[in-house]
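Input: a single structure, listed below in structure tokens.
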Amino acid sequence: MHKLTLKELSAQLQARKISATELATLFLDRIAASDLNAFLHVDRDLTLAQAKAADVRLAGNDAGPLTGVPIAHKDIFVTRNWRTTAGSRMLQDYVSPFDATVVEQFNAAGTVTLGKLNCDEFAMGSSNENSFYGAVKNPWDKTAIPGGSSGGSAAAVAARLAPAATATDTGGSIRQPASLCGVTGIKPTYGSVSRYGMIAFASSLDQGGPIAKTAEDCGLLLNAMTGFDERDSTSLQRPKEDFTRSLNQSLQGLRIGVPKEFFGAGLAADVEAAVRAALAEFEKLGATLVEISLPKTELSIPVYYVIAPAEASSNLSRFDGVRYGHRAADYKDLADMYKKSRAEGFGDEVKRRILVGSYVLSHGYYDAYYLQAQKIRRLIAEDFQRALAGENRQCDVIMGPVSPTVAWDLGDKTDDPVANYLADIFTLSTSLAGLPGMSIPCGFGQGEKNGKRPVGLQIIGNYFDEARLLNVAHQFQKATDWHLREPA
């Protein structure tokens, strides 16, 4: 039962072939037996109470497509009655008095919460090694990182500890771990999913999205989690849509843009081979490959690592030991309490980004760094619009690798932050432009020590083109079985 897709589980529940309580118990037992460190907080009583409520709805014919389906939430979404730590010592024992909008939406849909998932501290990282609660292990190879910051979400879905999970993407934190763990994940258009109750890292970049086994499952999850929220000033006022509406359309005539900048130096040969093979499969399905150029791609890393830390330094100033979160035990005065509480509560990577962010926002440097980065961000977005929009658009979707390499070994890059940053080269530009992008499994590369590790194909579309992306991915998944492969 744990191997079924979310859609298949929904059908089993609707047909009364299994109860929500039985299903939740199955996954709770799998979580208890796991050694991946994917979950930070599991409360069997809370989960089973939700499952029993779902069974009542199912019995009363008051059920939707997600009623009774178990999911897990990245520990960046605040949840009533569950701990929400953001992977940090700063929020070690924090229990929110309210639910994030995304959590509210899934609760209303009748899903059953399995627990809270490990992540890089405050979503800052590409390997899930920055969590105060320890690194998550990649289920394909436990000596490898799962990717980050949503590593717990991707690892849990890959290991079938949960059929689906929520995640967040600031610079690739849904797509990159989905790629490295061999699952499907989508970051929707910025503003499509409410950020209310999602602990902020970089407010102009953070976006929630789902990770699941298939593109079809991701569409069902997006149906529940998108929509306007007046409590979020960045939420877009758009009517609700059915993201699964286009799942059976032919790809005949689809133009796929292949950026030459995505296939240059730095891309591992095994990753390129898997991605090229996937592109060839799309040609068999009727698509046409078009070489395009996104010339500002190489600037996305310096731009992102100016803008994101600047916003992080502002957002994280609220964690001062006064109202909630960690407070130092011994201090002399208020200023000393601030310093010691933040020094003890934040990890090295969070401190590094706060310092960088404070620097680029400081008097005399704001114009030289932050303002310039925002200007280049606009140019990056214009590159995508030339390719995807207007009468003279070059392509319908863009494809390429998600990560330049397969998952690296735990500990390999912990002493080299820049090496970690460079792993996001192919995902950052999409986030800076606010475009939707997704990762689907497309093969395997050779791990350094212990054999094969997954490779993901990135699919990027124009604003609000999620339904098309999901159909493109769905057609590929109907023709291939990479998404069905499971770790031992």
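The values are calculated or read from the model by the stated rules, or taken from the named source; none is laboratory data. Everything quoted here is computed from the prediction, not taken from an experiment. Neighbour counts run over all protein chains shown; Cβ positions are idealised from the backbone, glycine included. Accessible surface is based on the protein model in full, side chains and every heavy atom, while ligands, DNA and RNA are left aside. Shrake-Rupley method; radii C 1.70, N 1.55, O 1.52, S 1.80 Å.
Listed by first and then second residue, the pairs linking a residue in segment 240-255 that is at pLDDT 95 or above and open to solvent by less than 30 Å² (accessible area, probe 1.4 Å) to a residue that is among the small types (Gly, Ala, Ser) and assigned to a loop (DSSP other than H, G, I, E, B), with Cβ atoms under 9 Å apart and 6 or more places separating them unless they lie on different chains, are Leu251/Gly286; Leu251/Ala287; Leu254/Gly286; Leu254/Ala287. Within segment 47-83, the residues that satisfy the criterion of being over 24 Å from Ala11 (Cα atoms) and in contact with a Gly (Cβ under 9 Å, 6 or more places away or on another chain) are Lys74, Asp75, Ile76, Phe77, Val78, Thr79, Trp82.
Screening the candidates Ser403, Ser431 for the property of being crowded, with 19+ Cβ neighbours inside 10 Å, part of a loop (DSSP other than H, G, I, E, B), touching a strand residue (DSSP E or B) at 6+ places or on another chain (Cβ under 9 Å) and not aromatic (Phe, Trp, Tyr) yields one hit, Ser403.
Taking the residues in segment 1-37 that are among the β-branched types (Val, Ile, Thr) and more than 18 Å from Asn61 (Cα to Cα) as candidates, determine which candidate is modelled with the lowest pLDDT. Before you say what the answer is, go through the steps one by one.
Within segment 1-37, the first condition is being among the β-branched types (Val, Ile, Thr), and the residues that meet it are 5, 18, 21, 25, 31.
Adding the requirement that they be more than 18 Å from Asn61 (Cα to Cα) leaves 5, 25, 31.
Working: Thr5: 95, Thr25: 98, Ile31: 98.
Here the residue is Thr5.
Annotation: His41 fulfils all but one of (1) open to solvent by 20 Å² or more (accessible area, probe 1.4 Å); (2) within 18 Å of the chain's Cα centre (by Cα); (3) within 22 Å of Ala212 (Cα to Cα); the unmet one is (2).
Taken over segment 2-25, the criterion of being among the hydrophobic types (A, V, I, L, M, F, W, C), under 25 Å from the mean Cα position of the chain (by Cα) and open to solvent by 30 Å² or more (accessible area, probe 1.4 Å) is satisfied by Leu4 alone. Return the residue satisfying two criteria in turn: it lies in segment 54-95 and is free of Cβ contacts under 8 Å to residues at least 24 places away in the same chain and either aromatic (Phe, Trp, Tyr) or not in a loop (DSSP other than H, G, I, E, B) (or both), and of such residues it is surrounded by the fewest Cβ atoms within 10 Å (Cβ to Cβ). The selected residue is Ala59.
Considering only residues in segment 82-127 that are farther than 26 Å from Asp232 by Cβ and not hydroxyl-bearing (Ser, Thr, Tyr), the one that is farthest from the chain's Cα centre (by Cα) turns out to be Asp93. All conditions in (1) in contact with a Leu (Cβ under 9 Å, 6 or more places away or on another chain); (2) open to solvent by less than 30 Å² (accessible area, probe 1.4 Å); (3) over 19 Å from Glu216 (Cβ atoms) hold for His474, with the sole exception of (3). The set of residues in segment 1-35 that are in contact (Cβ under 8 Å) with a residue 24 or more places away in the chain and either assigned to a loop (DSSP other than H, G, I, E, B) or among the basic types (Lys, Arg) (or both) comprises Met1, His2, Lys3, Leu4, Thr5, Lys7, Arg16, Ser19, Arg30, Ser34, Asp35. Across segment 320-363, the qualifying residues are those that are of a type in the set (A, V, I, L, M, F, W, C), part of a helix (DSSP H, G or I) and open to solvent by less than 90 Å² (accessible area, probe 1.4 Å), and the one among them that is nearest to Ala86 (Cα to Cα) is Val350.
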